[in-house]
Each structure stands twice: as structure tokens, then as C-alpha cells.
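The block underneath contains the structure these notes are about, expressed in C-alpha cells.
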């Protein structure tokens, strides 16, 4: 199985991409859900976490089991977590989604109440994390895709980069 990680900061379109991949009949898993991730307590002085004293991390045992499934084809997983580097050895290709900050902020402002990034405080934190974390993600990525376009066009580029289409 070929394993493709689609990563990026909040508001770059990871969830929309997963929905579109699924709609096309492809195996795609959103790891930024409680089934695959959880909040953990962290040092309150750590400024690289989404919330003071808390970080959103993958449930590593579950993610490893998913990535080690011996099935043919391509598995797309998406998400961004503080501990994701621990499974990079199981990933064949990393695709970073990015968008201009104004686009990201506009998307976050339209999120439903309760969705991460729906409050002004969370958006300010996301703006800060984009400045600090996104460059680190860029260093790990094999490809970067700008998502400031319709999601079907973004997915077409992801499929081309993943080798799923020519």
C-alpha cells in the first residue's frame, strides 16, 4: 500500500480534501478526529501547541495500525499533530496544503461554533502557528499544494502528485 499524508495548518482544506477523495471512491482518513487524535496535557510554557497547556496529538497506536494495514492501493491520511513525525517512516509521501493567510482566516471565520478556529482567540493562535509550524511542515513535505482554488482542482493535483493519475 502507498501511504500519502496530507498535512497543513487549520483552515488549509484537509477535511474538504478527504471528503472529495472519499467521494471519488478512494480510501481517505481524517486523523484530526477524536477516533484518531486526542488532547493531552503539556507544559504551559510550550508556545507551539494549539492551546496553552494542551496539545492535539495522534493516538499513535491506532494510526500505526492503520498505516501498517497490508492492503493494495493508496491510503490517504490527513491531519496535523505534534507527534506526527513519529510515523513519518511509515509514510511514502507527504503533501503539505497551504493557502494565503487571508484565505485561511476567511475559511476559519465561517466554521461552525465549536470547530477549532471558530473563535477570534483560536484564529489568532492559528495565525501564530502558521508562522512557526508551517515552515517546519514545509521542510518535511515532498510537495506543497496551494489550496486557494476549488477543492476538486486541489484533489486533482494531489492525485497527480501521489501517482494515482498521470
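Given a Förster distance of 30 Å, report the FRET efficiency between residue 119 and residue 71 from their Cβ-Cβ distance, rounded to the nearest 0.05. Mind showing how you got there, number by number?
On the way: r = 40 Å, r/R0 = 1.32.
Plugging the Cβ-Cβ distance into 1/(1 + (r/R0)^6) gives 0.15.
Take the alpha carbon atoms of the range 2-68, find their center, do the same for the range 139-166, and report the distance between the two centers in whole angstrom.
Comparing the Cα centres of the range 2-68 and the range 139-166, I get a distance of 18 Å.
How much length is gained if the chain between residue 136 and residue 44 is pulled fully straight, taking 0.36 nm per residue apart and subtracting their Cα-Cα distance, in nm to one decimal? Kindly include the intermediate steps, with their values, before the conclusion.
On the way: separation 92, 0.36 × 92 = 33.12 nm, distance 2.12 nm.
Net length gain for the segment: 31.0 nm.
Gaussian network model of the chain, Cα springs within a sub-10 Å range: biggest mean-square fluctuation belongs to which of 62, 24, 123?
Among 62, 24, 123, the largest GNM mean-square fluctuation belongs to 24.
Report the relative contact order of the chain, percent, no decimals, based on alpha-carbon pairs under 8 angstrom and at least 6 residues apart. Please report the intermediate quantities before stating the final value.
Working: 265 pairs, mean separation 53.6, N = 166.
RCO, the chain: 32 percent.
Using the basic label-point model (7 angstrom from Cα toward the beta carbon), what is the residue 101 to residue 2 distance in nanometres?
Output for this residue pair reads 3.6 nm.
Pick from 82, 25, 11: which is most flexible by mean-square fluctuation in a GNM of the chain where alpha carbon atoms under 10 Å apart are linked?
Highest fluctuation of the listed residues: 25.
Along the three principal axes, how long is the range 2-162 when you take its alpha carbons, biggest first, rounded to the nearest angstrom?
43, 34, 29
Every number in this text was worked out from the coordinates using simple rules, so none of it is lab data. These figures come from a predicted structure and were not determined experimentally. Cβ: placed from backbone, ideal geometry, glycine included. Neighbour counts: every protein chain shown.
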